[in-house]
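Visitor: Structure below; questions to follow.
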């Protein structure tokens with residue numbers, strides 16, 4: 001499935017995180033401080049914890065459980081104890097709708 | 001001098017040993033740690049004194065909520081702040097002080113265990129917000145109180161009870177009250193006064209101390225409105241921080257000195273942070289400070305390796321055995337190798353910090369954000385830069401109890417010396 005529209009850009013404020021289950025895949029969408037939307041696997045690569053319950057600061061998402069940090073743009077680990085990068089997905093805006101390419 | 005004699009975990013009646021399943025395989029232990037089919041609520045008869053309703057005993061969202069609150073202190077750069085403002089100045093001050101007092105032959109002789117305990121008490125006091133722990137004497141006094149509280153004796157109570165329970169608990173309750181009266185309540189009252197100052201507009205929130213008692217005073221968690229749970233939470237943080245880190249530091253030094261004896265070309269690596277990080281990871285893997293973790297099954301569980309744990313049974317997770325699993329750490333898993341490479345996604349330190357939701361709260365302080373900026377690597381660098389070497393006249397002393405998977409070890413003393421005119425770089 002490609003470019004699936006998820007919601008209107010106005011529905012998620014800057015700094016917000018929201019979880020979606022797409023075809024059984026938990027995805028987290030972030031509206032980052034740079035004004036862009038980023039999509040990534042909602043499950044922390046360290047332990048099974050939903051990142052959508054965490055927090056955004058700058059271009060980083062923080063896991064609420066052990067405070068692992070991931071870069072929204074690359075998925076790379078910015079802070080332990082996570083060791084593996086998170087999977088990221090392309091996001092586009094079409095007709096004021098946030099779309100994700102799974 | 002601190003009372004460093006650690007009590008032994010004992011196999012005695014009173015626990016649930018007949019209803020327990022020992023698990024030693026690395027993969028199966030990880031499964032249990034991560035599974036919601038097991039609960040961490042596994043306390044024994046006296047757990048209400050020590051751990052009930054604290055972060056280590058909560059499950060699911062209750063645990064996540066508490067952890068999220070506690071994380072406010074250490075997340076992002078919070079852990080760095082504690083190392084920079086509490087730990088490193090304490091290490092440096094204590095070392096400077098020690099290096100000024102040489103014996104007649106010019107050598108400075110130090111017991112690394114006493115040194116480690118004092119700096120870790122200072123760090124734990126800063127993290128919690130305990131006031132009045134501003135001298136070696138006060139650090140020794142506070143550690144002595146905690147040694148009597150009985151946290152270590154009751155750690156595996158649910159499994160096998162412990163020796164001399166009536167006396168241990170009577171002594172523990174008395175020591176706990178002493179801690180509450182002399183340290184906890186005065187410190188909490190001081191934090192509440194600061195909050196009042198913020199309320200009156202005389203201070204801002206930025207002026208408040210960045211510590212656990214500030215959160216307790218502000219009732220950041222609904223269970224901290226009265227002292228019952230908050231005192232236990234603070235006790236868990238203190239006990240988790242002090243003895244374990246002091247033991248780990250002596251163990252790393254011991255492993256490194258033996259490594260340098262066998263590999264003299266590596267001697268200069270004692271100040272290399274990446275080499276020291278490898279040594280720290282290997283030491284934590286080979287000398288974990290906990291002999292086991294406990295979980296209780298909520299339902300019948302069949303683990304991937306074929307081990308069955310029945311509903312209501314205790315799972316005894318023997319992490320010290322799993323940390324030597326050759327399928328994960330290679331054929332030389334029993335040996336110390338500071339240059340060991342582990343498969344991607346595996347912890348270099350094994351299961352020393354546990355895993356799953358309850359993974360150790362203090363990891364950010366110990367390992368830092370890059371690994372090499374954690375408390376152990378930094379302290380080791382300072383010690384080796386100052387010229388630490390084994391004291392040939394005073395052998396180290398280790399307390400040992402139990403055998404094989406149940407073996408418990410703790411350093412009683414680890415004498416070292418610094419050469420004449422040693423100083424901090």
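The values are calculated or read from the model by the stated rules, or taken from the named source; none is laboratory data. Predicted model, so just to flag it, every value in this text is computed and none were measured. Cβ sites come from the backbone with ideal geometry, for glycine too, and all protein chains shown count toward neighbours.
Visitor: How many residues does the range A:77-92 contain that are out of contact with any strand residue (DSSP E or B) (no Cβ under 6 Å at 6 or more places or on another chain) and more than 13 Å from chain B (Cβ to nearest Cβ)?
Guide: Residues meeting the conditions: 1.
Visitor: Just give me the residues in the range B:78-115 being touching a residue at least 12 places away in the same chain (Cβ under 8 Å) and not in a helix (DSSP H, G or I), in sequence order.
Guide: B:102, B:105, B:106, B:107, B:108, B:109, B:110, B:111
Visitor: With respect to residue B:30, is the statement that it is within 11 Å of chain A (Cβ to nearest Cβ), part of a helix (DSSP H, G or I), within 27 Å of residue B:310 (Cβ to Cβ) and in contact (Cβ under 8 Å) with a residue 12 or more places away in the chain true?
Guide: Yes: the conditions hold for residue B:30.
Visitor: So is residue B:38 crowded, with 18+ Cβ neighbours inside 10 Å, modelled with pLDDT of 95 or more, within 14 Å of chain A (Cβ to nearest Cβ) and more than 19 Å from the chain's Cα centre (by Cα) or not?
Guide: yes
Visitor: Looking at the range B:251-260, is at least one residue within 14 Å of the chain's Cα centre (by Cα), at pLDDT 95 or above and on the phi < 0 side of the Ramachandran plot?
Guide: Checked the range B:251-260: at least one residue is within 14 Å of the chain's Cα centre (by Cα), at pLDDT 95 or above and on the phi < 0 side of the Ramachandran plot.
Visitor: Moving on. Scan the range B:81-91 and give yes if some residue there is over 26 Å from residue B:133 (Cβ atoms) and at pLDDT below 95, otherwise no.
Guide: Among the residues of the range B:81-91, not one is over 26 Å from residue B:133 (Cβ atoms) and at pLDDT below 95, which makes the answer no.
Visitor: Right, something else. When the range A:55-65 is examined, which residues are found to be within 11 Å of chain B (Cβ to nearest Cβ), outside any loop (DSSP other than H, G, I, E, B) and either surrounded by 23 or more Cβ atoms within 10 Å (Cβ to Cβ) or in contact with a strand residue (DSSP E or B) (Cβ under 6 Å, 6 or more places away or on another chain) (or both)? Steps first, please.
Guide: Taking the range A:55-65 and keeping what is within 11 Å of chain B (Cβ to nearest Cβ), we get A:55, A:57-58, A:60, A:62-65.
Imposing the further condition that a residue be outside any loop (DSSP other than H, G, I, E, B) reduces the set to A:55, A:57, A:60, A:62.
Answer for the range A:55-65, where residues must be within 11 Å of chain B (Cβ to nearest Cβ), outside any loop (DSSP other than H, G, I, E, B) and either surrounded by 23 or more Cβ atoms within 10 Å (Cβ to Cβ) or in contact with a strand residue (DSSP E or B) (Cβ under 6 Å, 6 or more places away or on another chain) (or both): A:55, A:60, A:62.
Visitor: Can you say whether residue B:303 is under 23 Å from the mean Cα position of the chain (by Cα) and farther than 23 Å from residue B:256 by Cβ, as far as the supplied structure shows?
Guide: no
Visitor: If you go through the range B:223-244 one residue at a time, do you hit one that is at negative phi and in contact with a strand residue (DSSP E or B) (Cβ under 9 Å, 6 or more places away or on another chain)? Lay out the reasoning, then the answer.
Guide: Residues of the range B:223-244 that are at negative phi, as a first pass: B:223-244.
Now drop any that are not in contact with a strand residue (DSSP E or B) (Cβ under 9 Å, 6 or more places away or on another chain), which leaves B:243.
Within the range B:223-244, one or more residues are at negative phi and in contact with a strand residue (DSSP E or B) (Cβ under 9 Å, 6 or more places away or on another chain).
Visitor: Do the conditions hold for residue B:401, that is, is it surrounded by fewer than 22 Cβ atoms within 10 Å (Cβ to Cβ), touching a helix residue (DSSP H, G or I) at 6+ places or on another chain (Cβ under 6 Å) and either at pLDDT below 95 or within 29 Å of residue B:111 (Cα to Cα) (or both)?
Guide: Criteria not met by residue B:401.
Visitor: So residue A:102 ticks every box in (1) within 14 Å of chain B (Cβ to nearest Cβ); (2) part of a loop (DSSP other than H, G, I, E, B) but one. Which box is left unticked?
Guide: Residue A:102 satisfies all of (1) within 14 Å of chain B (Cβ to nearest Cβ); (2) part of a loop (DSSP other than H, G, I, E, B) except (1).
Visitor: Oh, and also: Do the conditions hold for residue B:148, that is, is it touching a residue at least 12 places away in the same chain (Cβ under 8 Å) and either buried (at least 17 other Cβ atoms within 10 Å of the Cβ) or part of a helix (DSSP H, G or I) (or both)?
Guide: Judged against the criteria, residue B:148 is a match.
Visitor: Are any residues in the range B:155-206 part of a helix (DSSP H, G or I), closer than 22 Å to residue B:235 by Cα and touching a strand residue (DSSP E or B) at 6+ places or on another chain (Cβ under 9 Å), and if so, which ones?
Guide: B:158, B:159
Visitor: Take residue A:68 and tell me if it is modelled with pLDDT under 95, surrounded by 15 or more Cβ atoms within 10 Å (Cβ to Cβ), within 14 Å of another protein chain (Cβ to nearest Cβ) and touching a strand residue (DSSP E or B) at 6+ places or on another chain (Cβ under 8 Å).
Guide: yes
Visitor: Residue check, residue B:338 against (1) in a helix (DSSP H, G or I); (2) away from chain A (no Cβ under 14 Å), all met but one. Which one?
Guide: Looking at each condition in turn, residue B:338 falls short on (1).
Visitor: With B:385, B:390, B:394 as the choices, which residue is touching a helix residue (DSSP H, G or I) at 6+ places or on another chain (Cβ under 6 Å) and surrounded by fewer than 16 Cβ atoms within 10 Å (Cβ to Cβ)?
Guide: Among B:385, B:390, B:394, only B:385 is touching a helix residue (DSSP H, G or I) at 6+ places or on another chain (Cβ under 6 Å) and surrounded by fewer than 16 Cβ atoms within 10 Å (Cβ to Cβ).
Visitor: If you don't mind, another one. Across the range B:341-380, what is the total count of residues that are facing another protein chain (nearest Cβ under 10 Å) and part of a helix (DSSP H, G or I)?
Guide: Result for the range B:341-380: 3.
Visitor: Next question, about the same structure. So which of B:342, B:328, B:366 is more than 21 Å from the chain's Cα centre (by Cα) and touching a residue at least 60 places away in the same chain (Cβ under 8 Å)? Write out each step before concluding.
Guide: Numbers: B:342 fails: touching a residue at least 60 places away in the same chain (Cβ under 8 Å); B:366 fails: more than 21 Å from the chain's Cα centre (by Cα).
Going through B:342, B:328, B:366 in turn, the sole match is B:328.
Visitor: Restricting the search to the range A:17-54, which residues are touching a residue at least 24 places away in the same chain (Cβ under 8 Å), assigned to a strand (DSSP E or B) and within 13 Å of another protein chain (Cβ to nearest Cβ)?
Guide: A:50 - this is the single residue of the range A:17-54 that is touching a residue at least 24 places away in the same chain (Cβ under 8 Å), assigned to a strand (DSSP E or B) and within 13 Å of another protein chain (Cβ to nearest Cβ).
Visitor: Also, I was wondering about something else. How many of the residues making up the range B:62-77 are out of contact with any helix residue (DSSP H, G or I) (no Cβ under 8 Å at 6 or more places or on another chain), within 10 Å of chain A (Cβ to nearest Cβ) and part of a helix (DSSP H, G or I)?
Guide: 5
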